[in-house]
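The values are calculated or read from the model by the stated rules, or taken from the named source; none is laboratory data. Small disclaimer: the values here were computed from a predicted structure and weren't measured. So basically every Cβ, Gly included, is an ideal-geometry build from the backbone, and we count neighbours across all protein chains shown. Heads up: the accessible areas ignore ligands, DNA and RNA and are worked out on the full protein's heavy atoms, side chains in. Shrake-Rupley method; radii C 1.70, N 1.55, O 1.52, S 1.80 Å.
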Amino acid sequence: QEIVAEALAYPYRLGGIADLRPALAAAREGLRLEGPQLREVAASLEAAVALKHELLDTGEHLKALAGRIGEHTYFLRRIQECLDEAGRVRDDATPRLREIRRRGNPLREQIQERLHQLMDRHPEAIQERFITLRRDRYVIPVKASFQHKIPGIILDQSDSGLTVYMEPSAVVPLNNQLASLKLEEEAEVNRVLFELSAILGGDLELDKTQQALTELDVARAAANLAEDWNLVRPRLNQEGLYRLKAARHPLIANPVHNDIELTAERRILLINGPKMGGKNALLKNLGL
């Protein structure tokens, strides 16, 4: 009751905080989380930490509960260092990844330059002047009837069969180098994601954070229900005193309100009335 009363006085919100349990369970099993998953967890923890500091200036019970939320400093810092806003691994996440991607950009430019030169030399064979990817390799669209004019490997064709997508021999070695770099890049990206997942799985503050967030969520829900139903906080006693003014059963639509009073001197209340007149509802209301 105390914490619900404080939640009514301080209308905090848990916006931006998702359920962390599936991601945490996967991380603790040693699985690799994807970048967007890790970003979502980080966003939730950032929102939780912000909520913690907001509630530290409120009532005694909310303050104590918020104090159980961790800071998760190391995990959040590593996420900022390694992932961009979309969850992609940053170029500078590791020196090796930065070097791999640095080598890849000029190689792509060299491949595209050679393909443009080739299309310029054989305009009659080119269906449309553009470069595209097939099986992660750079290719050009060649008229099927002219494919013999350009030495290379056919990797795909159009639905009509009039166009083939060809990897010219002149760029095969460069495409091979790029494919090798891509494999190195994927391995390094996987290593970073495994590291971040392991940091999450090893965060000892997470269980307390989740428990505190659950209790805050329940308190917020109870406070919202109290506002929606216009509930009044009871003053409890051990003397067997019951004094309810305009009480109504909360689960009955359009209920009749009743005043009920029982004291040490007036311990018995006789209820009489027709069938379906509300006798049981009144007793259930008092029981609640």
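Odds and ends about this structure:
- Computed over all pairs of different Cα atoms, the Kirkwood value for the hydrodynamic radius of segment 175-224 is 14.2 Å.
- Average accessible surface for the chain: 62 Å² per residue, computed with a 1.4 Å probe over protein heavy atoms with every protein chain in place.
- Cα-based Rg of segment 1-47 normalised by 2.2 N^0.38 Å, two decimals: 1.58
- Spatially close Lys pairs in the chain, defined by Cα atoms under 25 Å apart and a spacing of eight or more places or different chains, total 7.
- Shape index of the chain: Rg/Rh, with Rg the Cα radius of gyration and Rh the Kirkwood radius from the inverse mean 1/r over Cα pairs, equals 1.32.
- Counting Cα-Cα pairs of segment 1-83 in 5 Å increments starting at 0 gives whole-percent bin shares of 3, 14, 21, 21, 16, 11, 9, 5, 1.
- Normalised by the number of residues in segment 89-213, the mean separation of alpha-carbon contacts (under 8 Å, six or more apart) gives a relative contact order of 23 percent.
- Computed across segment 66-155, the Kirkwood radius stands at 16.9 Å (inverse of mean 1/r, all Cα pairs).
- Computed over Cα pairs, the Kirkwood radius of segment 167-288 leads via Stokes-Einstein (0.692 mPa s, 37 °C) to a diffusion coefficient of 152 µm² per second.
- Whole-number percent relative contact order across segment 180-288, with pairs defined as alpha carbons under 8 Å at least 6 apart: 17
- Mean-square fluctuations from a GNM of the chain, with a 10 angstrom spring cutoff on Cα atoms, peak among His61, His249, His116 at His249.
- Computed over Cα pairs, the Kirkwood radius of segment 78-119 leads via Stokes-Einstein (0.692 mPa s, 37 °C) to a diffusion coefficient of 276 µm² per second.
- Modelled FRET efficiency - R0 35 Å, Ser160 with Arg135, Cβ distances, 0.05 increments: 0.95
- Scanning residues 5 or more positions from Leu83 or on other chains, those with amide H under 5 Å from its amide H are Arg90, with H placed 1.01 Å from N in the peptide plane.
- Sum of -39500 (n - 2.57) over DSSP H runs of 4+, divided by residues of the chain (222 nm, nearest 500): -16500 deg cm²/dmol
- Dipole magnitude (debye, nearest 20) for the chain, charges at Cβ of Lys, Arg, Asp, Glu: 640
- Charge sum, other residues only, whose C-beta stays under 15 Å from Gly16's C-beta, Lys/Arg counted +1 and Asp/Glu -1: -2
- Taking every Cα-Cα distance in segment 222-288 and sorting them into 5 Å bins starting at zero, the pair-distance distribution P(r) comes out as 3, 13, 24, 25, 18, 10, 5, 1 percent.
- Reciprocal mean inverse distance between Cα atoms of segment 12-166 - Kirkwood radius, Å: 20.3
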